[in-house]
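What follows is a short report on a single structure.
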Amino acid sequence: MSAMDVSLHTLKINDPFLGQYQQLVRDVVIPYQWDALNDRITDAEPSHAIENFRIAAGLKEGEYYGMVFQDSDVAKWLEAVAWSLCQMPDPLLEKTADEVIELVAAAQCEDGYLNTYFTVKAPAERWTNLAECHELYCAGHMIEAGVAFFQATGKRRLLKVVCRLADHIDQVFGPAENQLHGYPGHPEIELALTRLFEVTQQPRYLTLASYFVEQRGTQPHFYDIEYEKRGKTSYWNTYGPAWMVRDKAYSQAHQPIAQQQTATGHAVRFVYLMAGVAHLARLSNDAQKRQHCLRLWNNMVQRQLYITGGIGAQSSGEAFTSDYDLPNDTVYAESCASIGLMMFARRMLEMEADSQYADVMERALYNTVLGGMALDGKHFFYVNPLEVHPRSLRFNHIYDHVKPVRQRWFGCACCPPNIARTLTSLGHYIYTPREEALYINLYVGNSVEIPVGDQALRLQISGHYPWQETIRITIDSPEPVTHTLALRLPDWCAEPQVMLNGDEPPKTIRKGYLHITRRWQQGDTIQLTLPMPVRRIYGNPLLRHVAGKVAIQRGPLVYCLEQADNGDALHNLWLPRNAAFTTIDGKGVLAHQTVIQAEGIRQTAHQPQTQALWQYDQPPGERQTQTLTFIPWFSWANRGEGEMRVWVNEE
């Protein structure tokens, strides 16, 4: 059965936890990022993104500044604004967004082309360097913003702009002799075109998305052809001339997707590509593309996924490495990669209602995606390590990408607006409505109205997830509606309990969802109890970086030790196998969070700096008992610079 999207007009998030995050995005993040895009933040790297559009529109004189993909920051900001306006009308913000949209429209060329870098800096070089220069990536993000703004506000201004852009791209690319037979170095256009098709029902957009997917990696290789055509010049020289052209696996262009066996290359590109392929597979009912998605999903989550929902183990190429290679301190795990993982998981759920996809989606959301932004909404992580030793970062260049505290902004600022658009569009991830059932993926407090035939099923979810175990689902439909609710039973919960109007319903469980079918009436109440004991996580024996160590999880949240609570030298702390856990309420910036404590051991020595570097036969120093305090990993680095680690020595 096909999946349908949830209209965010009928879904209102009122969750005590993630609802506060949405309010933070509305009140702080969107205005802050608007200031960043306009270069008003004095102690942060300049953006120049809005200024680039003014120059491209002929409203100002000046030079292009910033990354070649700087336009995408504006597009993601517009998308965040669109979904935020669904949650809470804001006439002043909407007016600002309308003005930005007019600016974008003014920067569009007569033939529909839209990209400020090439318009301002290199107009003769349009579409000559797909491998390196992000034209289709920027177009994809602007198309997504146009779709979002139309769905959120009903306004067609930006939608018309992006349809002109998509039509231009459709003329330039395709199988005809006078067209380019290429595809993007950074996927994004594939997903954007499928979303544009859903809004416009124009088949050419779906055909073009399919062309980009199926042309990828074919021979003779397009990246080589265009490299020769432009006189063997390169835009990036990070790893030597033409490294992006040579290393085709970096952009998943080394083989056709049908032949690819493992998640490889730049992690963000991989999950953006696969989200597009999955969306396309569902819309076109393509069984082969679905199999490609399954094969590559399984490799990624079974062999290359961090317990925090991070992907991309190395800084070189921001990329996957090999199966079971998941270092904790040099990890990259870009915030955008976990957002892309959520996008991929959501499309897999729409194609096949299997809770494994929602489990991964939840893991990415509650850990890496939330952790990518500080609790104040004004500082951000690009890279999300599982272990940090700040004193080493300053001198060892293998850690050049790792930051011990979140940054105000970035020259490459893809992550901050991506986090904002994800948090404002959370309603798209909570449910998967299908003809046979309404699948509830995430237990985020909300009220929603879902069409069921010519009727409407209204329900509310309430509780204090992820801190408390009880969730209530209450039916609020004035007229009875016969339908199936499918409740996800999370993989971290060993003994879920469900009561319907005080009685235990029949347990019909399929692919991790408990199905309850009945004639739902106003006042019907499901009480779902998901016990949240503190659980120990152990790595597969092939994961060498976590051998002899243990990680702590409660509910969907991964926990960590931080220097602020436990002192320095966290590598000298041990958690006994039989240690009991207690939960306490967090304080200060950790207020309203659950903190975990256990009695542990510290290996210590008197004045170790005066001792020999190595010692024979006897371990140095002595062992002392110490209370270990674990905090939710997404909250680390909100109390100043200090050590942190997720994986702890186990005795």
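The values are calculated or read from the model by the stated rules, or taken from the named source; none is laboratory data. Computed from a prediction, not measured in an experiment: that's the story for all the values here. No Cβ is skipped: glycine too gets one built from the backbone with ideal geometry, and neighbour counts run over all protein chains shown.
List of remarks:
- Looking only at the stretch 396-433, and only at residues there that are surrounded by fewer than 23 Cβ atoms within 10 Å (Cβ to Cβ) and of a type in the set (Val, Ile, Thr), the one that is farthest from residue 373 (Cα to Cα): 398
- Just one residue in the set 55, 101, 50, 41 is modelled with pLDDT under 95 and buried (at least 16 other Cβ atoms within 10 Å of the Cβ); that residue is 41.
- Restricting the stretch 520-536 to residues that are part of a loop (DSSP other than H, G, I, E, B) and aliphatic (A, V, I, L, M), the residue that is surrounded by the most Cβ atoms within 10 Å (Cβ to Cβ) is 530.
- Residue pairs meeting the criteria (Cβ under 6 Å; at least 6 apart or on separate chains; first closer than 21 Å to residue 249 by Cβ, in the stretch 131-147; second among the small types (Gly, Ala, Ser) and not in a helix (DSSP H, G or I)): 131/185; 132/185
- One residue from 331, 369 being of a type in the set (A, V, I, L, M), assigned by TED's automatic domain parsing to the domain that holds residue 25 and in a loop (DSSP other than H, G, I, E, B): 331
- For the stretch 537-588, filtered to residues that are loosely packed, with under 14 Cβ neighbours inside 10 Å, within 22 Å of residue 388 (Cα to Cα) and of a type in the set (D, E, K, R), the residue that is nearest to the chain's Cα centre (by Cα) is 544.
- Once the stretch 81-96 is narrowed to residues that are farther than 15 Å from residue 141 by Cβ, aliphatic (A, V, I, L, M) and within 26 Å of the chain's Cα centre (by Cα), the residue that is modelled with the lowest pLDDT is 88.
To keep it simple, each residue is scored yes or no on (1) of a type outside the set (Val, Ile, Thr); (2) at pLDDT 95 or above; (3) more than 24 Å from the chain's Cα centre (by Cα); (4) under 30 Å from residue 593 (Cβ atoms).
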site: 458; (1), (2), (3), (4): yes, yes, yes, no
site: 462; (1), (2), (3), (4): yes, yes, yes, yes
site: 471; (1), (2), (3), (4): no, yes, yes, yes
site: 475; (1), (2), (3), (4): no, yes, yes, no
site: 481; (1), (2), (3), (4): no, yes, yes, no
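- The residue that is nearest to residue 73 (Cα to Cα), among those in the stretch 47-60 that are assigned to a loop (DSSP other than H, G, I, E, B) and touching a residue at least 40 places away in the same chain (Cβ under 8 Å), is 47.
- Which numbered condition residue 378 misses (of (1) closer than 16 Å to residue 639 by Cβ; (2) touching a Ser or Thr at 6+ places or on another chain (Cβ under 8 Å); (3) of a type outside the set (Ser, Thr, Tyr)): (2)
- The residues on offer are 519, 536, and the sole one that is within 24 Å of residue 430 (Cβ to Cβ) and basic (Lys, Arg) is 519.
- Residue match in the stretch 77-98 (condition: surrounded by 24 or more Cβ atoms within 10 Å (Cβ to Cβ), farther than 20 Å from residue 146 by Cβ, in the same structural domain as residue 24 (by TED's automatic domain parsing) and among the small types (Gly, Ala, Ser)): no
- Every residue from the stretch 369-395 that is more than 13 Å from residue 416 (Cα to Cα) and either buried (at least 24 other Cβ atoms within 10 Å of the Cβ) or touching a Leu at 6+ places or on another chain (Cβ under 7 Å) (or both): 384, 385, 386, 388
So that you can scan it fast, the table gives a plain yes or no per residue for (1) within 26 Å of residue 195 (Cβ to Cβ); (2) more than 14 Å from the chain's Cα centre (by Cα):
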position: 251; (1), (2): yes, yes
position: 261; (1), (2): no, yes
position: 274; (1), (2): yes, no
position: 278; (1), (2): yes, yes
position: 286; (1), (2): yes, yes
position: 295; (1), (2): yes, yes
position: 308; (1), (2): no, no
position: 311; (1), (2): yes, no
position: 337; (1), (2): yes, no
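- Residue list for the stretch 300-314, filter: part of a helix (DSSP H, G or I) and crowded, with 18+ Cβ neighbours inside 10 Å: 300, 301, 303
- Test result for residue 594, among the hydroxyl-bearing types (Ser, Thr, Tyr) and modelled with pLDDT of 95 or more: yes
- Filtered by the rule that a residue be farther than 17 Å from residue 212 by Cα and either free of Cβ contacts under 8 Å to residues at least 24 places away in the same chain or in a helix (DSSP H, G or I) (or both), the stretch 266-299 gives 267, 268, 285, 287, 291, 294, 295, 296, 297, 298, 299.
- Boolean, residue 586 is on the phi > 0 side of the Ramachandran plot and touching a residue at least 24 places away in the same chain (Cβ under 8 Å): no
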